[in-house]
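These notes are about the structure you will find just below.
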Amino acid sequence: MPHSILITGCSTGIGYTAAHALQKRGYEVIASCRQLDDVTRLQAEGLTCIQLDLANTASIDNGIQQALTLTEGRLNALFNNGAYGLAGALEDLPTDGLREQFETNFFGWHHLTTALIPHFRQFDDARIVQNSSVLGFVAMSYRGAYNSSKFAIEGWTDTLRLELANTGIRVALLEPGAIETQFRANCLRAFQRWIDANNSVHAQAYQQQIARLSSRKSKSAQALPPEACLPPLLDALESNHPKLRYRITRPTKIIALLKRLLSGKMIDKIVQKAS
């Protein structure tokens, strides 16, 4: 039976694609976006959409109440997807910038998820799906803030899965690699806000990062459209035995295998080249 599901970060990309696809599949979808203009746009497209800002606990609490009201208490699934990236060397990253990254990418997820768990406990088959990243298990230069938030989500999710093992709540992680979304544009705005690129010892390397983030398309030949995340998401939501992790894109699967086979120094050489 299709779930009644709340999805965060639905303005574009994976969340947007998932909201439309799941609704067509028969799910009762409550999409959410941070900006009110995006909420209005998705409502005009036929989605039930609410405003939910993961960096604002009052907004999260209000979004939860709206979702429970709209579903008349049937809500039994959550797809944590809303997040953004902040590029830049760690030595150039102001602590407040890192806090802001974690507020959306980690603390907001924690607040939303833990608030829903008591409600989910009443169901025999509730689902929590976390959209992590290849950068949740392998680090890359100039992505330290995002790396840190996703590494934290991975450990947090593994712990939650263990703690809910004797309940009807099943927990899974998606780990996409390069996906063609507006992620780079959002990352560039965060970079320009927090990083003083011109006065950094990394100024030359930042020119490459700015060029990468300014591109409308990923430079990775292995990048996939958001639709590539749908089969893993559906399995995480519908399988009687969902996987703990779903690795998406060929490079993600390869680096996961190499981490098991190679030394840490060899992995460092590989990801330095990729960076």
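Given the conditions (1) closer than 18 Å to residue 213 by Cα; (2) surrounded by fewer than 20 Cβ atoms within 10 Å (Cβ to Cβ), which single one is not true for residue 137?
Of (1) closer than 18 Å to residue 213 by Cα; (2) surrounded by fewer than 20 Cβ atoms within 10 Å (Cβ to Cβ), only one is false for residue 137: (1).
Of the residues in segment 103-126, how many are hydrophobic (A, V, I, L, M, F, W, C) and in a loop (DSSP other than H, G, I, E, B)? Give the derivation first.
Filtering segment 103-126 for residues hydrophobic (A, V, I, L, M, F, W, C) gives 106-107, 109, 112, 115-117, 120, 123, 126.
Okay, now just the ones that are also in a loop (DSSP other than H, G, I, E, B), so 123.
Count: 1.
Restricting the first residue to segment 204-222 and requiring it to be closer than 19 Å to residue 84 by Cβ and surrounded by 15 or more Cβ atoms within 10 Å (Cβ to Cβ), which pairs with a second residue that is modelled with pLDDT of 85 or more and among the aromatic types (Phe, Trp, Tyr) meet a Cβ separation below 7 Å and a spacing of at least six or different chains?
From segment 204-222, the pairs are 209/142; 213/191.
Based on what the data block shows, is residue 98 under 21 Å from the mean Cα position of the chain (by Cα) and either crowded, with 20+ Cβ neighbours inside 10 Å or not in a helix (DSSP H, G or I) (or both)? Quick ask: steps written out before the conclusion?
Details: under 21 Å from the mean Cα position of the chain (by Cα): yes; either crowded, with 20+ Cβ neighbours inside 10 Å or not in a helix (DSSP H, G or I) (or both): no.
No, not satisfied.
For segment 177-225, how many residues meet the condition of being closer than 17 Å to residue 16 by Cβ and hydroxyl-bearing (Ser, Thr, Tyr)?
Of the residues in that region, 1 qualify.
Filter segment 193-222 for residues that are closer than 20 Å to residue 14 by Cβ and in contact with a Pro (Cβ under 9 Å, 6 or more places away or on another chain); which is modelled with the highest pLDDT?
By that ranking, first place goes to 222.
Pairs only if they're at least six apart or on different chains, beta carbon under 8 angstrom, first in segment 137-150 and within 16 Å of residue 178 (Cβ to Cβ), second of a type in the set (Asp, Glu); list them, first residue then second.
Every condition considered, the pairs that remain are 137/154; 137/175.
Report whether or not residue 130 is out of contact with any Asp or Glu (no Cβ under 6 Å at 6 or more places or on another chain) and either β-branched (Val, Ile, Thr) or in a helix (DSSP H, G or I) (or both). Can you show your working first?
Working: out of contact with any Asp or Glu (no Cβ under 6 Å at 6 or more places or on another chain): yes; either β-branched (Val, Ile, Thr) or in a helix (DSSP H, G or I) (or both): no.
Spelling it out, it is not the case that residue 130 is out of contact with any Asp or Glu (no Cβ under 6 Å at 6 or more places or on another chain) and either β-branched (Val, Ile, Thr) or in a helix (DSSP H, G or I) (or both).
Of 50, 153, 128, which residue is surrounded by 20 or more Cβ atoms within 10 Å (Cβ to Cβ), touching a Gly at 6+ places or on another chain (Cβ under 8 Å) and more than 21 Å from residue 182 (Cα to Cα)?
Details: 50 fails: more than 21 Å from residue 182 (Cα to Cα); 128 fails: touching a Gly at 6+ places or on another chain (Cβ under 8 Å).
The conditions single out 153.
The values are calculated or read from the model by the stated rules, or taken from the named source; none is laboratory data. As the structure is a prediction and not an experimental result, all values here were calculated from the model. Note: ideal-geometry Cβ built from the backbone for every residue, glycine included; neighbour counts use all protein chains shown.
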